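Have a look at the structure below before the remarks.
Just so it is clear, none of the values below were taken in a lab; they were calculated from the coordinates. Given the structure is predicted, the values throughout are model-derived calculations rather than measurements. Cβ: placed from backbone, ideal geometry, glycine included. Neighbour counts: every protein chain shown.
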Amino acid sequence: MPIRNSVAATLAAIAIAIPAARAATSLSEAGGRYTISQAGSSIRFSIGKTGGGSLDGAFARFSGNIRVDNASADRSEVNITIMPASVGTGQGRIDAFLRSDAVFDAANDPEIRFRSTSVRRTGETSATITGNLTARGKTMPEKFQAELKSFRGGTITFRVTGKVLRSRYGMDVGTPIYSNVVEFDMTLSGRRG
């Protein structure tokens, strides 16, 4: 149901490409390639429920990289891969259901991938990242918002948010009791290298 973590990766790229003026760092200082680290990063999601409340979870395993072009943000790139078998909601029965062929089909589709196609600055420390999200054999364009949170010592951190329609990936089981909209809230931290 709630798999649009690759979106996070896309937003990460934008956030990285935004460390301009007010971030007390120049774009040329932040330019380079970053490896996303699970330490300091998180990919969380939330799906609303009819009558209130939500199903909240996170992915424990993911990898990726961000390339920040110091001359032009629109040439920056973001690639992220999420392992849906690592989904966790704190409820074992729900986790097993999410991993099953009814939702992620993690046994047959062990990766969710996001590859950016464009990064567009929207402010001094913000950007919109557009790219292709692939889950369960379906690839669709998705868009995320990224905000640079910090850049120091060769490490960059940004917050990435976005909404993905799970029905586009054949994961709409449980609608309308559970919303078709998956909301992502990610913290992505990358180390230059």
Provide the net charge surrounding PRO110, with neighbours chosen by a C-beta distance below 13 Å and charges set as Lys +1, Arg +1, Asp -1, Glu -1.
0
For the range 90-149, rounded, prolate or oblate, judged on the Cα gyration tensor with a ≥ b ≥ c (square roots of eigenvalues), a/c < 1.5 rounded, else prolate if a/b > b/c?
oblate
Helix 6-16 versus the longest principal axis of the chain: what angle, 0 to 90°, nearest 10, using Cα atoms?
20
For the range 71-77, 3J(HN,Hα) per residue [Karplus equation, 6.51 cos²θ - 1.76 cosθ + 1.60, θ = phi - 60°, Hz, x = Gly/Pro]
9, 8, 4, 5, 9, 6, 9
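So how many Å³ per residue does the convex hull of the Cα atoms of the range 53-110 work out to?
Normalising the Cα hull of the range 53-110 by residue number yields 124 Å³.
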Helix-only mean residue ellipticity at 222 nm for the chain, each DSSP H run of n ≥ 4 adding -39500 (n - 2.57), per residue, nearest 500
-3000 deg cm²/dmol
Can you tell me, using C-alpha contacts under 8 Å and at least 6 residues apart, the relative contact order of the chain as a whole percent?
33
What fraction of the Cα pairs in the range 6-192, stated in percent, has a spacing above 29 angstrom?
21
